[in-house]
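We did not get these values from a lab; they are worked out from the coordinates using the rules stated. Not measured: the values here are computed from a predicted model. Neighbour counts run over all protein chains shown; Cβ positions are idealised from the backbone, glycine included.
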Amino acid sequence: WYALMARRHMYEFGTTHEHLGAVAVAMRKHAQLNPAALMYGKPLSLQEYMASPMIADPYRLNDCCLETDGAAAFIVTTAERARDLKKKPVYIMGAASGQPYPADEITGRKDFHQTGLSIAAPEAFRMAGVTPDDMDFAQIYDCFTFEVIQQLEEAGFCKRGEGGPFVEDGGIELGGRLPVNTHGGLLSEAH
């Protein structure tokens with residue numbers, strides 16, 4: 001399904017393999033700063049990306065997230081209790097969920113590119129009293145490179161169809177317009 005969505009976006013908006021590669025290269029660059037990342041010490045150039053084997057067109061090897069076993073957890077508590085913690089807390093300003101219709105029939109949707117994020121992001125931003133322009137970075141689900149491009153669009157960081165150019169030339173790297181997955185993401189840190 002993910003390859004189908006990526007291919008359709010390429011057809012409709014001109015998204016390229018180089019755009020997908022820009023995502024893979026950015027995630028790998030970020031992983032080089034994270035000694036806990038599986039791909040730490042293994043940089044990736046766009047040329048290496050383009051030479052990697054095709055897995056499921058348009059996805060090459062480095063378009064696909066790493067398969068790993070692991071876990072992550074975080075504790076949510078009240079703001080009152082968090083004030084007494086040794087480390088500075090991170091406050092949740094907004095949260096939302098959404099699901100496109102029909103959820104399990106992607107090709108039958110009236111809006112093929114709509115995701116749950118298309119519904120949830122505007123609500124979460126509204127609840128928090130911020131806009132995508134207020135964000136300094138984004139941590140985005142990156143099971144495949146195209147998902148970063150699609151989610152940048154559907155969350156409102158750029159217009160639909162502009163995600164490819166948005167990631168070009170380091171747009172999602174540290175120092176870019178919107179650094180994404182500064183730990184290396186699922187593509188280069190671990191799943």
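Okay, here's what the table says:
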{"read-out": "Cα centroid separation - the range 84-124 against the range 147-190, whole Å", "value": "16"}
{"read-out": "DSSP H segments from the chain that extend 20 Å or more along their own axis, Cα-based, with Kyte-Doolittle mean of -1.0 or above", "value": "17-31"}
{"read-out": "Modelled FRET efficiency - R0 35 Å, Ile119 with Asp69, Cβ distances, 0.05 increments", "value": "0.65"}
{"read-out": "Sites matching chymotrypsin sites (Phe, Trp or Tyr not before Pro) across the range 125-158 that sit in DSSP coil, with at most 16 neighbouring C-beta atoms within 10 Å", "value": "Phe137, Tyr141"}
{"read-out": "Hz values of 3J(HN,Hα) by residue in the range 80-97 - Karplus curve (6.51, -1.76, 1.60), Gly and Pro given as x", "value": "4, 5, 5, 4, 8, 6, 5, 9, 5, x, 9, 8, 8, 8, x, 8, 7, 9"}
{"read-out": "Residues of type lysines that Lys42 reaches as a straight line, Cα spacing below 23 Å, ignoring anything fewer than 8 places off in the same chain", "value": "Lys29"}
{"read-out": "Signed unit charges on C-beta, dipole axis of the chain, positive-most listed residue Pro58, Met10, Tyr141", "value": "Tyr141"}
{"read-out": "FRET efficiency for His183 and Thr77, using Cβ-Cβ distance with R0 set to 30 Å, rounded to 0.05", "value": "0.80"}
{"read-out": "Reachable lysines, given that their alpha-carbon falls under 25 Å from the alpha-carbon of Lys159 and they are not under 8 places away in the same chain", "value": "Lys110"}
{"read-out": "Neighbour-limited loop hits for trypsin sites (Lys or Arg not before Pro), the range 36-143 (at most 12 other Cβ within 10 Å; DSSP other than H, G, I, E, B)", "value": "Arg83, Lys86, Lys87, Lys110"}
{"read-out": "Residue range of the chain that is longest and free of GluC sites (Glu not before Pro) which are both DSSP loop and sparsely packed (at most 11 other C-beta within 10 Å)", "value": "106-191"}
{"read-out": "For the chain, built as a Gaussian network whose Cα springs stay under 10 Å, the top-fluctuating residue of Val180, Val90, Val148", "value": "Val90"}
{"read-out": "Loop chymotrypsin sites (Phe, Trp or Tyr not before Pro), the range 1-103, which have at most 16 other Cβ atoms in a 10 Å radius of their Cβ (DSSP)", "value": "Trp1, Tyr40, Phe74, Tyr91"}
{"read-out": "Charge dipole (the chain, unit charges on Cβ, about Cα centre) - positive-most of Leu152, Val76, Ala31", "value": "Val76"}
